1. Determine whether segment 351-372 contains at least one residue that is more than 23 Å from E117 (Cβ to Cβ), in contact with an Asp or Glu (Cβ under 8 Å, 6 or more places away or on another chain) and part of a helix (DSSP H, G or I).
2. Hey, can you tell me all the residues within segment 333-364 that are open to solvent by less than 40 Å² (accessible area, probe 1.4 Å), over 30 Å from K122 (Cα atoms) and either hydroxyl-bearing (S, T, Y) or at pLDDT 90 or above (or both)?
3. Are there any pairs, at least 6 apart or on different chains, whose C-beta atoms fall under 6 Å, with the first in segment 42-61 and in contact (Cβ under 8 Å) with a residue 40 or more places away in the chain and the second surrounded by 10 or more Cβ atoms within 10 Å (Cβ to Cβ) and not hydrophobic (A, V, I, L, M, F, W, C), and if so, which?
4. Could you list, in sequence order, the residues of segment 14-57 that are within 30 Å of L80 (Cα to Cα) and at pLDDT below 85?
5. Of the residues I191, I168, which is over 13 Å from E236 (Cβ atoms) and at pLDDT 90 or above?
6. Go through segment 105-160 and report how many residues are touching a Gly at 6+ places or on another chain (Cβ under 7 Å) and open to solvent by 40 Å² or more (accessible area, probe 1.4 Å).
7. I'd like to check something: does segment 383-390 contain any residue that is assigned to a loop (DSSP other than H, G, I, E, B) and of a type in the set (A, V, I, L, M, F, W, C)?
8. I need the full set of residues from segment 74-97 which are open to solvent by 50 Å² or more (accessible area, probe 1.4 Å) and touching a residue at least 60 places away in the same chain (Cβ under 8 Å), in order please.
Amino acid sequence: MNIKFEKVETNTVKLEVTVEAEKFNEAVKKAYAKNGKKYNVPGFRKGKAPMNLITKMYGEGVFYEDAINFCIEDTYPKALEEHDVHPVDYPEIDIVEIGSGKDLVYTAKVTVMPEVELGEYKGVEVKKVEYPVTEEDVMAQLKSMQEKNARVETKTEGTVENGDIAVIDFKGYIDGVAFEGGEGKDFSLEIGSKSFIDNFEEQLIGAAVGEKKEVKVTFPEQYGRDELNGKDAVFEVTVNEIKVKELPELDDEFAKDLSEFDTLEELKNDIKTKMEEANAEKAKREFEESVIYAACDNAKIDIPEVMIDKEIDGMLKDMETRLKYQGLDLETYYQYTGSNETKMREFMRDSAVKKIKSDLVLAEIAKAENIEVTDEELKTKAEEIAKQYGQEDIEKTVDLLLKAQGHLLKIDVTNEKVIKLLVDNCKTVA
């Protein structure tokens, strides 16, 4: 096998591979063994005709397609390895020369991982963010617990008031025509929750059970559906039922019922501690991201479009998986939000570019700093993951993780070490 390497343009290389005639002939015989049974030749039972008669009857190239594939499968990976080429897409194959008794010559044009030119990554200036926990934050958490444990009872007298839950039927019209998604039956709407657009909820205040109201609203300019953006609409609304929430008192009994604490003060202190821990973790994560992005801003990378497309493909796949847990699919989500795949891909593009650039810069810094990962560090990482998922047989799970996801674990640990290096060497500014 002979290989010629050529860099044809930024992030694109071309490999010219020559497969000796003898090896190509062997591949043709292999293709005959695979497909010879498909051909009929007079005087022979189907599948029993010799190769030379089949080629004479159907043409010399009858087995070439599979033979070429066999040769490429064998030689292309070796060509990549020999020239240290790291493709990010499938190659564009062209046959240069082929024929009986001849060498097979093909070219493989392929997009490769981009080169990373690092800038300053040690000593970058980053603003440190802090998220202090206030008394208002703690009370908001208590209020949320209150709401979740409220009793909801039917209001037998009176009209809809702010804070009530109105059970309604509604149907929306624009210019007298009902629009898709504008209808609901027995919908529970908490008045004052701002769940519905404009001042829809306020217009129901004072309505009695059984009363029909005409509610006029205007959709926001950027509502997300072209046919509704900025449009005036009229809803025919019928109040079927009014419910009222009774909130439990915020006292020691509340704390005893909903926690392991005996007093409200103990519960508040616990909430504050947990919020401080969560906020500290959030601040740490954001600070690390800022350090990474600072290093990325100083680096030069020309990212191939195919890498961006593939990253967005993965993001959409993750989104689709999350939606399934909510009983939705992408098409339904697009209908609800007035979006489509083209808009979503454009929306995700910046995040995809940022993710790719971060990964490439971290990997390049790891090389520049000769950062390596030991087997013990990999095992420790696998143990952390196994414990997070609550696996009983930790040792077995660790073994499975190392075998199935060892490469990904190595990347994670390497990135953690690079991020620590960046954080330890950055300059914190106010």
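1. No: zero hits.
2. Residues satisfying the conditions are Y334, S339, M344.
3. E60/S100
4. The one that is within 30 Å of L80 (Cα to Cα) and at pLDDT below 85: N35.
5. I191
6. Total satisfying the criteria: 1.
7. Among the residues of segment 383-390, not one is assigned to a loop (DSSP other than H, G, I, E, B) and of a type in the set (A, V, I, L, M, F, W, C), which makes the answer no.
8. K78, E82, H83, D89, V96
The values are calculated or read from the model by the stated rules, or taken from the named source; none is laboratory data. For clarity, every value in this text was computed on a predicted model and none was experimentally measured. Cβ atoms come from the backbone with ideal geometry, glycine included; neighbour counts cover every protein chain shown. With ligands, DNA and RNA removed, areas are computed over all heavy atoms of the protein, side chains included. Shrake-Rupley method; radii C 1.70, N 1.55, O 1.52, S 1.80 Å.
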